[in-house]
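Single-structure report; data block below.
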Amino acid sequence: MTRSCERRRAAARLLQLGRPLPAPPLPTQQFGVSLHYIRERSGGALIPPVMAQTIHYLQLKGLRTEGLFRRSVQVQIIKDVQKLYNQGKPVNFDVYQNVHVPAVILKAFLRELPEPLLTFRVYNQVQEILGVESSLRVSRCKQVVEGLPETNGIVLKFLLGFLHRVSQEILFNKMSASNLACVFGVNLVWPRHGSISLSALTPINIFTEILIEHFPAVFGSVPDQPVPPQDSCAAAE
């Protein structure tokens, strides 16, 4: 069944139940819409603006922040930043004087994608990683990544290259590849139906840890150096 058919059926069910239909996304919407939707409305940019801007800011000002990605931020601040992005307005993270704001925004962006960055199709393959011999797991992860849609692969490489760099500053930020995997794994892949069970967390975390720790082997290159995103107000001059 195509996505358009699924949407029509979902809309029909809502009408039968007497519930209002959800409002269509704004042309500038960034959260809760697909990578394809964002790319079409961002001048064909390969990396979604939210990811480009938050990662650029964190590379400049957050790599050595202890507990990066493990700290919470006031819910209202996150809602305000999301609203700015969705309305196509500039975001200046310096205003918040808190490097954890862009960190939480990055996680929220990934978590609110209609389909996870690693896609629904890959979920079962991730769950099978525990059955792969340890010495073969890196090559297996590489195979899975190479099978992703082109856009997903490009965005995943951009993100994991950054997380690999974060892990290299472990003496300062205390965030190892394993710690980062525990934070990001559930934001990269989840099942199409239902929630992630406790037993499913271990393979997800192991798979993600391999992507981070063995980034050059999995993606075939070292992480790119940070490049300022276009039209970004995220980083201070």
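Quick note: the coordinates plus some simple rules give every number you see, no bench work behind them. Quantities reported herein were computed from a predicted structural model and do not represent experimental measurements. All Cβ positions, even for glycine, are placed from backbone atoms using ideal geometry, and neighbour counts span all protein chains on display.
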For GLU112 and GLN74, what does the FRET efficiency come to when R0 = 22 Å and r is the distance between their Cβ atoms, rounded to the nearest 0.05? 0.75
Set LYS61/LYS83; LYS61/LYS174; LYS79/LYS174; LYS83/LYS107, cut-off 19 Å on Cα-Cα distance; pairs above it are LYS61/LYS83; LYS79/LYS174
In sequence order, calculated HN-Hα J values of region 181-192 (Karplus, 6.51, -1.76, 1.60; Hz; x Gly/Pro): 5, 5, 7, 9, x, 6, 9, 9, 8, 7, x, 5
FRET efficiency for THR202 and SER176 from the Cβ-Cβ distance with R0 = 25 Å, rounded to 0.05, comes out at 0.95
Pseudo-spin-label distance SER34 to LEU130, built 7 Å along Cα→Cβ, given in nm, is 3.3
Candidate lysines for bridging to LYS142, where Cα separation is under 16 Å - those fewer than 8 sequence places away on the same chain excluded: LYS157
Can you tell me the order of 69-75, 163-169, 173-179 when each peptide is scored by its average per-residue count of other Cβ atoms within 10 angstrom, highest first? 163-169, 173-179, 69-75
